[in-house]
Amino acid sequence: MKNCSLLIFRNNMEKLLTVYSTYEKLALFLDTPVSTVKSWINGTRNPSLKTLDKIANKIGCFSYELLCNDASLKNIGFYMNNSHNTFVTNLNIIFLQKHCITTPQKLNALENVVTDFALQSYLRKENFKSPTLLKLDLIADSLGLETYTLLKENMK
């Protein structure tokens, strides 16, 4: 696997930890349990897209920046991240560019790294499922992209 967004996310969380000096202060800032922050940094858990948005909104940056190497994580005053919608929009753009209309064509473009049920769930507008960072890496690898680009606004 070429992409490793979880490792990049961990590194960016470690950067935040140096700013806030303790796990407790960082957890308080992120409004997240200390045990969760520790598990992100030690790599035993990875956040959902919803949690990624929550963290980015607290910082004031774009969610995709949490998955970028050498991210500045500066507060640019952006507080309305919706990674799932951006992911779906970008995936649909990619499918159109690759002329993938049917589910089997889409699965083939993704090299079958997700099941048809998972893909359909990702693409639903309601009661959708969001991929984990590890699954995002697999999807990005199959498309020949960096993981963060799947969550970056205005991919067109």
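Numerical summary
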quantity	calculated
Relative contact order, percent, the chain [alpha-carbon distance under 8 Å, six or more residues apart]	28 percent
Loop-located GluC sites (Glu not before Pro) in the stretch 110-156 whose Cβ has at most 12 other Cβ within 10 Å (DSSP)	Glu111, Glu126
Fully extended contour minus Cα-Cα distance, from Tyr23 to Ile76, at 0.36 nm per residue	16.7 nm
Read-out Rg and Dmax of the Cα atoms in Å, derived from the coordinates shown; its label in (i) 15.8, 50; (ii) 17.8, 69; (iii) 16.2, 53	(i)
Portion, in percent, of the accessible area of the chain that falls on carbon or sulfur, probe 1.4 Å	53 percent
Residue-count net charge about Cys4 - beta-carbon cut-off 14 Å; Lys, Arg +1, Asp, Glu -1	0
Whole-number accessible area per residue in Å² for the chain, which is evaluated in the context of all protein chains at 1.4 Å	54 Å²
Using a Förster distance of 30 Å, the FRET efficiency for Asn108-Asn69 (Cβ separation, nearest 0.05)	0.50
Whole-Å distance, taken between Cα centres, linking the stretch 15-93 and the stretch 123-145	17 Å
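The values are calculated or read from the model by the stated rules, or taken from the named source; none is laboratory data. Nothing here was measured: the structure is a model prediction, and the numbers come from that model. As a convention, Cβ positions derive from the backbone with ideal geometry for all residues, glycine included, and neighbour counts pool all protein chains shown. Accessible surface areas use protein heavy atoms only, side chains included; no ligands, DNA or RNA. Shrake-Rupley method; radii C 1.70, N 1.55, O 1.52, S 1.80 Å.
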